[in-house]
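Novice: Structure in structure tokens, see below.
Just so it is clear, none of the values below were taken in a lab; they were calculated from the coordinates. Predicted model, so just to flag it, every value in this text is computed and none were measured. Neighbour counts are summed over all protein chains in view; Cβ atoms, including those assigned to glycine, are modelled from backbone coordinates with ideal geometry.
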Amino acid sequence: MSEESKVTLSENQAAREYVGKPAKIGKKIGYCFLYTFLFVGIFTLISMGIYFYDNDLLSDLTEDNPIIFVIAAAAAVVLGIITGLKAASSVGTEKWVIGKDGIKIYKKNELKKEFPIDSFEGSKAIKNYYNGVYTGTSRFFKVVNNKGKTEELLWPFEEDEFSMAVQSIAEIRAYGGFLAKGSEARSTMDLSADAYDDKVFDCDKQNLCPAISKGKKIAFIVIGVFFLSSVCMSLVTMRDEMVIGAVGLAISAILAIIFFKLASSSNKKASKVFPEKITLKGDRIVIDSNSFNVNEIKLIQFTPINYSTATWHSYWLKIKTEEGTTEYCLGLNKSYNKTNANYPAFTSMLSDWCATRGVDCRQEL
């Protein structure tokens, strides 16, 4: 951070708490159903085991004491409901406390784990899939435990809270406390001696955007034409091979034109979210023709260097105001060799700019 730039620490330096939400009625019913199904299944397996072991024994039991099976089945249902309610009651009992004295993890108000702030090594996000279907993202804190080994702590709360928690740790480590936000910070701002005098970030739109557009266009056309041509050709029942070939060629040509138009439309949309340049001024961010004043900005999020979003595997900048969220793509993930070389410097500069103005700025994790 430059010497001219001054941050303002919040007057409220109390540790920040992240508390789980109790299970709602729908989730409680789900737990009860799950455990009831489990215990009834166990009861059924036991009955089947008795049947295969000694069929006469099962017949004797059902004929002489049929009430036994009714009671056993009812007991399985009751046990499932009780176990489900107990499992549901444990939901939301976890609490994380982050402050200057470290990261503390509680379970049912009992301290289970504790780590100093300096032990934090970063975050990790894993996208989960089941048979190719995306089922959600698991997020982790990476910390060094007292044995000197890296430990991954599963984040049990909401996605937005994860970004807030990571940002809180970053503020403590960088500034010794939580930064002031909004009017609390801007009341002490002195932009007359501001360190930012039209700091310009070149987004390299000419090289980055066509790279994505060309790839999407080719893939869109080839996959679309191949798929639909195959479907159409399978419907052709004529025996004349020349006629079939001509029909197939005509279908492919028509589909190629259609998909080319669709891809071009998609490219135009992509081009709109790729800015040409971003300028940081004393009291606002200017992105091409759009200007965002610090008093209007509610939240700024950007993709970290070692992350990438599912959309084009790319880096994004999101600016949230009262009017909505505006999104800009700033390049592909570095593994595609098409990312902007200035992106790391920009994110560092943006974080500094936000810190000195009380703008809520987080990495999108």
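Novice: Under 18 Å from a point placed 7 Å out from the Cα of residue 348 along the Cα-to-Cβ direction: which residues of the stretch 160-188 have their backbone N that close?
Specialist: 170-171, 173-175
Novice: So if each residue of separation counts as 0.36 nm, and I subtract the Cα-Cα distance between residue 160 and residue 284, what length gain in nm does that give?
Specialist: Taking residue 160 through residue 284 to full extension adds about 42.2 nm, to one decimal.
Novice: Then there's this: Evaluate the relative contact order of the stretch 77-183 (contact order divided by residue number), counting alpha-carbon pairs under 8 angstrom at least 6 apart; express in whole percent.
Specialist: On the way: 132 pairs, mean separation 18.5, N = 107.
This gives 17 percent for the stretch 77-183.
Novice: Given +1 on the Cβ of Lys and Arg, -1 on the Cβ of Asp and Glu, and no further charges, what dipole in debye does the stretch 114-156 carry about its Cα centre, rounded to the nearest 20?
Specialist: Rounded to the nearest 20 debye, it is 200 debye.
Novice: Strictly over 24 Å apart at the Cα level, which of 95/142; 142/281; 100/320 would you flag in this model?
Specialist: 142/281; 100/320, as the Cα separations exceed 24 Å there.
Novice: Across 5 Å bins from 0, what is the distribution of all Cα-Cα pair distances for the stretch 97-171, in whole percents?
Specialist: Histogramming the stretch 97-171 at 5 Å steps yields 3, 14, 24, 24, 17, 9, 6, 3, 0 percent.
Novice: Provide the FRET efficiency to the nearest 0.05 for the residue 207-residue 86 pair, computing r from the beta carbons and using R0 = 51 Å.
Specialist: Given R0 = 51 Å and the Cβ-Cβ separation, E is 0.30.
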